[in-house]
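The values are calculated or read from the model by the stated rules, or taken from the named source; none is laboratory data. Owing to the predicted nature of the structure, the values given are computational and were not obtained by experimental measurement. A quick note on method: Cβ atoms are made from the backbone with ideal geometry, for glycine too, and the neighbour counts reach across all protein chains shown.
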Amino acid sequence: MAYILCIETSTTNCSVALANDKEVIGLKEDYDSTYSHAERLHNFIDKIIKEAGLTPKDLSAVSVSKGPGSYTGLRIGVSAAKGLCYALDIPLIAVPTLHALALQVSQEKDSYIVPMLDARRMEVYSAVFSNTYEEIRKTEAEILTDTSFETYLREKKVYFIGNGVEKFSAICNDTNAVFVQNKLPSANEMAMLSYPKFLKKDFEDVSYLDPYYLKDFVTG
């Protein structure tokens with residue numbers, strides 16, 4: 001039995017889940033339009049552990065969404081995760097944000113899943129997964145046009161999910177495009193990726209893990 005605390009702060013959703021192996025036994029989120037991570041994250045962590053009847057010392061590991069996403073949000077989440085792991089002397093697990101987001105799309109039929117997060121202007125961070133959640137195209141930062149993802153759209157249905165969907169749905173009219181609206185990365189899906197890493201001891205160095213920003217910070 002492994003109690004894994006999952007932290008997701010890559011977008012405006014401040015999300016914390018507690019998992020017993022792969023089963024989520026507690027979830028707290030602030031699915032808001034503003035960043036509340038600094039105010040709510042540690043409160044969520046404290047409450048979710050106490051409501052499960054546990055103490056921090058019962059945790060087996062901490063899992064954090066490593067990005068890409070908001071620079072500030074990722075820094076807050078990764079810093080909190082590293083601090084907990086250092087203080088409790090437990091392993092740190094890093095989960096790709098877009099992979100966890102893709103798990104929110106459940107399709108039995110053969111299709112593609114494209115999780116996409118808003119970057120700036122017409123740019124998004126995106127990756128491409130099969131309907132069995134195997135990565136087909138790695139995470140990239142790209143500027144959207146009306147021909148983006150046309151290779152995949154020619155072949156089969158493509159499910160787009162994340163806060164980059166609003167941008168792309170405004171310029172893409174392909175009948176194979178399915179836009180899953182109003183979804184953000186959540187700690188709820190992280191357990192499915194965290195527990196296998198825990199079993200394989202696929203851990204991060206607490207001292208050296210940095211968020212996966214994908215590109216340099218640009219103001220304006």
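Of a type outside the set (Ser, Thr, Tyr), closer than 15 Å to residue 209 by Cα and over 14 Å from the mean Cα position of the chain (by Cα): is that true of residue 62 in this structure?
Considered against the rule, which asks whether it is of a type outside the set (Ser, Thr, Tyr), closer than 15 Å to residue 209 by Cα and over 14 Å from the mean Cα position of the chain (by Cα), residue 62 comes out as yes.
Looking only at the range 192-220, which residues are among the aliphatic types (A, V, I, L, M), at pLDDT below 95 and either surrounded by 12 or more Cβ atoms within 10 Å (Cβ to Cβ) or under 14 Å from the mean Cα position of the chain (by Cα) (or both)? Steps first, please.
Filtering the range 192-220 down to residues among the aliphatic types (A, V, I, L, M) leaves 192-193, 199, 206, 209, 214, 218.
Filter again for at pLDDT below 95, leaving 214, 218.
If the condition is that a residue be among the aliphatic types (A, V, I, L, M), at pLDDT below 95 and either surrounded by 12 or more Cβ atoms within 10 Å (Cβ to Cβ) or under 14 Å from the mean Cα position of the chain (by Cα) (or both), then 214 is the only one that fits.
Counting only residues that are β-branched (Val, Ile, Thr) and modelled with pLDDT of 95 or more, which one in the range 37-80 is surrounded by the fewest Cβ atoms within 10 Å (Cβ to Cβ)?
Only one residue tops the list, namely 55.
Go through the range 85-99 and give me each residue that's in contact with an Asp or Glu (Cβ under 9 Å, 6 or more places away or on another chain) and over 11 Å from residue 129 (Cβ atoms).
Result: 85, 91, 92, 93, 94, 95, 97.
Name the pairs: first residue in the range 11-23 and farther than 14 Å from residue 40 by Cβ, second residue among the β-branched types (Val, Ile, Thr) and buried (at least 23 other Cβ atoms within 10 Å of the Cβ), Cβ to Cβ under 7 Å, at least 6 apart or on different chains?
Taking only residues 6 or more apart or on different chains, the pairs are 19/4.
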